[in-house]
Amino acid sequence: MSLKELEDQLKKLSIDKKLQLVKTLLSSIQEDTITKAEETEKIYPLRGLPITISDDFDEPMTELWESLAE
């Protein structure tokens, strides 16, 4: 069934049936949105973990510069 055919059938429904359909669709959209939000949270497993920086993070690496100079 095409979208146009579905729309034509929906237009023939009574107001009560249309309201029931709107409520059902809204509920479905809300469930999909919640599911999507839960999936998004799983994408970032490191979020919330503390960041640790090594004590020698900013110390000069003379061996590296010497080897690059050669």
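The values are calculated or read from the model by the stated rules, or taken from the named source; none is laboratory data. These numbers were taken from a predicted model, which means no experiment stands behind them. Note that each Cβ is placed from the backbone with ideal geometry, even for glycine, and that neighbours are counted across all protein chains shown.
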Flag for L49 being out of contact with any strand residue (DSSP E or B) (no Cβ under 7 Å at 6 or more places or on another chain), among the hydrophobic types (A, V, I, L, M, F, W, C) and surrounded by 10 or more Cβ atoms within 10 Å (Cβ to Cβ): no
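Do you know which residues across region 55-69 are among the hydrophobic types (A, V, I, L, M, F, W, C) and assigned to a loop (DSSP other than H, G, I, E, B)? Talk me through it step by step, then tell me what you get.
Here is the first cut: in region 55-69, the residues among the hydrophobic types (A, V, I, L, M, F, W, C) are 57, 61, 64-65, 68-69.
The answer is F57, M61.
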Residue match in region 31-54 (condition: aliphatic (A, V, I, L, M) and part of a helix (DSSP H, G or I)): yes
Of the criteria (1) part of a helix (DSSP H, G or I); (2) over 31 Å from the mean Cα position of the chain (by Cα), which one L25 fails: (2)
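Please specify each residue of region 1-14 satisfying the condition of being basic (K, R) and either in contact (Cβ under 8 Å) with a residue 40 or more places away in the chain or assigned to a helix (DSSP H, G or I) (or both).
At the first step, the residues of region 1-14 found to be basic (K, R) are 4, 11-12.
Answer for region 1-14, where residues must be basic (K, R) and either in contact (Cβ under 8 Å) with a residue 40 or more places away in the chain or assigned to a helix (DSSP H, G or I) (or both): K4, K11.
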Considering residues of region 17-70 that are over 23 Å from E7 (Cβ atoms) and of a type in the set (K, R) only, the residue modelled with the lowest pLDDT: K42
Region 15-31 residues that are without any contact (Cβ under 8 Å) to a residue 24 or more places away in the chain and of a type in the set (D, E, K, R), paired with ones that are part of a helix (DSSP H, G or I) and surrounded by 11 or more Cβ atoms within 10 Å (Cβ to Cβ) (beta carbon under 9 Å, 6 or more apart): K17/L10; K18/L10
